[in-house]
There are 2 protein chains.
Amino acid sequence: MSYITMTKDELQREYALQTERFDACKAQNLKLNMARGKPGADQLDLISDILGCFVDPKECFTDGIDARNYGELAGLPVARAYWADVLGCKASQTFLGGSSSLTLMHDVIAKAFSHGLLHSERPWCKEDVVKFLCPSPGYDRHFRITEFFGAELITVPMTATGPNMDVVEELIKDPQVKGIWCVPKYSNPDGIIYSDETIRRFANLKPAAPDFTIMWDNAYCVHEFDGEFVPFADIISLCEEAGNPDMVFEFASTSKITFPGAGISVMASSEANIAYFTKMFGVQMISHDKINQLRHVKYLKDKAHTLEIMKKHASVLGPKFRAVAEILDKEITPCGFANWNTPKGGYFVSLNTMEGTATRALALCEEAGVVMTPAGATFPYGKEPADSNIRIAPSLPPVAELEKAMEVFCICLKIAALEKLLK
Amino acid sequence: MSYITMTKDELQREYALQTERFDACKAQNLKLNMARGKPGADQLDLISDILGCFVDPKECFTDGIDARNYGELAGLPVARAYWADVLGCKASQTFLGGSSSLTLMHDVIAKAFSHGLLHSERPWCKEDVVKFLCPSPGYDRHFRITEFFGAELITVPMTATGPNMDVVEELIKDPQVKGIWCVPKYSNPDGIIYSDETIRRFANLKPAAPDFTIMWDNAYCVHEFDGEFVPFADIISLCEEAGNPDMVFEFASTSKITFPGAGISVMASSEANIAYFTKMFGVQMISHDKINQLRHVKYLKDKAHTLEIMKKHASVLGPKFRAVAEILDKEITPCGFANWNTPKGGYFVSLNTMEGTATRALALCEEAGVVMTPAGATFPYGKEPADSNIRIAPSLPPVAELEKAMEVFCICLKIAALEKLLK
């Protein structure tokens, strides 16, 4: 029965019931974690044969290059070709990073501040104010990079088809607005796939700032856990066609294809941007880990084979996401005070609970031994005015633990909502 | 016979002779490279069994950590312990980087400029002028990092015991002088081991700048190719004892122990500095490649076993350096216009030819198909006023090619000197 239509007596009875359930959970001294988009050990087991796929030194040679030695700053040609295949861009538009695409994103923003981008009039650190658009809910680590360098973070509301483009198109008329963070496929945390129309409007933006930059984090480009691969437009060629060839930097990695934090990462952009950054990257490195590049190309082969490997991940992730959906549907749907998404890929479920109760609900979770992403984390500066959005990351725990954690979570959502209604 | 005492006729006959040799070399259409400190394929073959040393997923677990997943920003405890053993510091004073220590060095300087160091009054980008000391000849990639961020590079002369410390102690009275680059063991390119007295004076510096920083690149800490391992003082504890606990950052990597650019790197400093940087590094990464950390610990084990592996490298490098010394001794010693070092470790031979002739000699080398590090590269801004120092990097070519390249090189040195004497 919906909380919204309950009488005070009914609410009090419900509160007593849920408090009793909460106390019973607490007595179990649980220690469960749904805080981060980490794959579970069961998932990692499925791809751990990558460790043994490249042991023969004779296989170190590719395109006349000895991958064991220095060189090839932008990456091995076979690794650049791999990413071009996955992302649908050209190999010449790619630059291989180390094991983290987050570091590549940081480096783009860091160099924008210290030296400026290709079309910057001056380094961003010489600007009076730098503003950066943060579609929210979004990824806290994105927002923190721009915050770290002193940018002013501006919240842009998310819609079912991506960021609200009317708002974006209005905000970029301000020349102090220098860029926007995007997770275009299975957005973190909403799991939204940007619509063709949204992508088209992105490519056709006419920002006032000549160095306006779209940070296109395609983290979940092949990460379906429910159903077939969903084809996705190549933003780089779309920007080029729209006369904005240097406006976008795309990022991806194998962190959720092979090993998190021990895979290979890529940045893709116009050849002019890649040339500009390759020169600057040459100051800080001689070349990235080409042995790991080669290991990954041997293991993943190409996009088609990568999609086969993603089916393995789906076999573990799918049941976890279905468990989350089922428990929410059973526990929360009847109460009518929250809504959530049911994505078919990515790593998160985004839930909006009764306004003003997210922080309280997560404090209760912690009290009962269930760690979640902190309330507000999905908004700039870690603060959501409505105190409503919660990011659920179901990938790490085994299903049995996940079900337990979700039960506790639902009880906490209810208690926090009831407390507010009874106030 | 010494060029210095030759008559004009003798010089002309010698010039004709060397020019004839040069033309004969040119006719061979050589393509030889002594430009960079890259190990040769023969050397890499000796350690390529590292590829197969870690293939069993069951071995991914260490100290209760699954190395396949995110986490442990500062590095696996076993990897931190490994570096503490090699460098003689504490594990708590280490932070593991990716595959490049150069990137760690860049990041320290980058963050000094963007945010400031632990004892900075303000970020270096807010200072009117930042000056950085560059003992020369030195490593071009060091100098370029500070140049990239706009620091003024100040040359400090090298002596047989390290940088001229009288000059250093005088220069650091200027609060605009923020740091110094050092390669303390087998310095690049001189191959000098800093004396105990030099190291003591470094640890006891009393700089005017509160955030003065010693960039201690211990790149060749275990890299003897002639004779036994030379023990080396731990600069971190020496600085601590001298009341300068946060003044030094030490760097090292396995780039010349296992695979160049595909190994593991480390930064070592006071616990306060490591804590300060770990927080900032947390903005740009979740964790570095722990699989590669574990692979390296399995393969290298500890300092003692690493030294055994370095003996293998020495078996290849030793003959190459001996060939260089022999050819220089035979070709150049009698001519009396140049001097050079004969190091027992590291990757370079540093030669000082007749002043004003290094650029010309290397242009001749290029004409004859022998690529060397450009003249001036070992000095700030790539310019040496005396035009005398040349860095020889004998590690890459097989001995037969190396001998050929050295012959060409000696002929070119002679022609350039003769041209000057005959002017």
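The values are calculated or read from the model by the stated rules, or taken from the named source; none is laboratory data. What you are looking at is a predicted structure, and each value in this text was computed from that prediction instead of being measured. A quick note on method: Cβ atoms are made from the backbone with ideal geometry, for glycine too, and the neighbour counts reach across all protein chains shown.
A single member of B:LYS330, B:LYS423 is surrounded by fewer than 24 Cβ atoms within 10 Å (Cβ to Cβ) and modelled with pLDDT under 95, and it is B:LYS423.
Within region B:354-375, restricting attention to residues that are in contact with a Ser or Thr (Cβ under 9 Å, 6 or more places away or on another chain) and at pLDDT below 95, which residue is surrounded by the fewest Cβ atoms within 10 Å (Cβ to Cβ)? Checking each candidate, the answer is B:PRO374. Apart from one condition, B:LYS312 fits all of (1) within 20 Å of B:MET215 (Cβ to Cβ); (2) assigned by TED's automatic domain parsing to the domain that holds B:PRO39; the exception is (1). Meeting the requirement of 1 or more residues that are more than 10 Å from every other protein chain (Cβ to nearest Cβ) and not charged (D, E, K, R), the helices (runs of 4 or more DSSP H) wholly within region B:30-114 are B:77-87, B:101-114.
Taking the listed residues B:TRP216, B:TRP181, the one that is within 20 Å of B:MET267 (Cβ to Cβ), without any contact (Cβ under 8 Å) to a residue 40 or more places away in the chain and surrounded by 24 or more Cβ atoms within 10 Å (Cβ to Cβ) is B:TRP216, with no other qualifying.
Among the residues making up region B:368-400, those that are closer than 30 Å to B:VAL156 by Cα and part of a helix (DSSP H, G or I) are B:PRO380, B:TYR381, B:GLY382. Search region A:130-144 for residues being hydrophobic (A, V, I, L, M, F, W, C) and not in a loop (DSSP other than H, G, I, E, B), and hand back the single one that is nearest to the other protein chains (Cβ to nearest Cβ). Per the stated criteria, the residue is A:PHE143.
Each row is one residue, and each column tells you yes or no for (1) within 25 Å of A:THR19 (Cβ to Cβ); (2) of a type outside the set (D, E, K, R).
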site	(1), (2)
A:LYS344	no, no
A:PHE348	no, yes
A:THR359	yes, yes
A:GLU367	yes, no
A:GLU384	no, no
A:GLU401	yes, no
A:LEU413	yes, yes
A:ALA416	yes, yes
A:LYS420	yes, no
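For (1) in a strand (DSSP E or B); (2) within 14 Å of another protein chain (Cβ to nearest Cβ); (3) surrounded by fewer than 24 Cβ atoms within 10 Å (Cβ to Cβ); (4) out of contact with any Phe, Trp or Tyr (no Cβ under 7 Å at 6 or more places or on another chain), each residue gets a yes or a no:
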| residue | (1), (2), (3), (4) |
| --- | --- |
| A:PRO210 | no, no, yes, yes |
| A:SER237 | no, no, yes, yes |
| A:GLY243 | no, no, yes, yes |
| A:PHE249 | yes, no, no, no |
| A:PHE259 | no, yes, no, yes |
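Checking the stated criteria, B:GLU403 turns out not to satisfy the condition of being in a loop (DSSP other than H, G, I, E, B), of a type outside the set (A, V, I, L, M) and over 23 Å from the mean Cα position of the chain (by Cα). A:LEU17 - would you say it is in a loop (DSSP other than H, G, I, E, B), away from chain B (no Cβ under 14 Å) and either on the phi < 0 side of the Ramachandran plot or without any contact (Cβ under 8 Å) to a residue 24 or more places away in the chain (or both)? Answer is no for this residue.
Looking for whichever is in a loop (DSSP other than H, G, I, E, B), out of contact with any helix residue (DSSP H, G or I) (no Cβ under 7 Å at 6 or more places or on another chain) and not β-branched (Val, Ile, Thr) here; the options are B:SER255, B:SER315. Which one fits?
The unique qualifying residue is B:SER255.
Among the criteria (1) more than 14 Å from A:SER101 (Cα to Cα); (2) crowded, with 22+ Cβ neighbours inside 10 Å; (3) touching a helix residue (DSSP H, G or I) at 6+ places or on another chain (Cβ under 8 Å); (4) more than 9 Å from chain B (Cβ to nearest Cβ), the one A:ASN273 does not fulfil is (3).
One residue alone among B:GLU170, B:GLU147, B:GLU152, B:GLU127 is closer than 21 Å to A:GLY116 by Cβ and away from chain A (no Cβ under 14 Å), and that residue is B:GLU152. Of all residues in region B:334-343, those satisfying the criterion of being under 18 Å from B:LEU402 (Cβ atoms) and surrounded by fewer than 23 Cβ atoms within 10 Å (Cβ to Cβ) are B:TRP340, B:ASN341, B:THR342.
Within the span defined as region A:74-81, one or more residues are at pLDDT 95 or above, in contact with a Ser or Thr (Cβ under 6 Å, 6 or more places away or on another chain) and either surrounded by fewer than 19 Cβ atoms within 10 Å (Cβ to Cβ) or assigned by TED's automatic domain parsing to the domain that holds A:VAL371 (or both).
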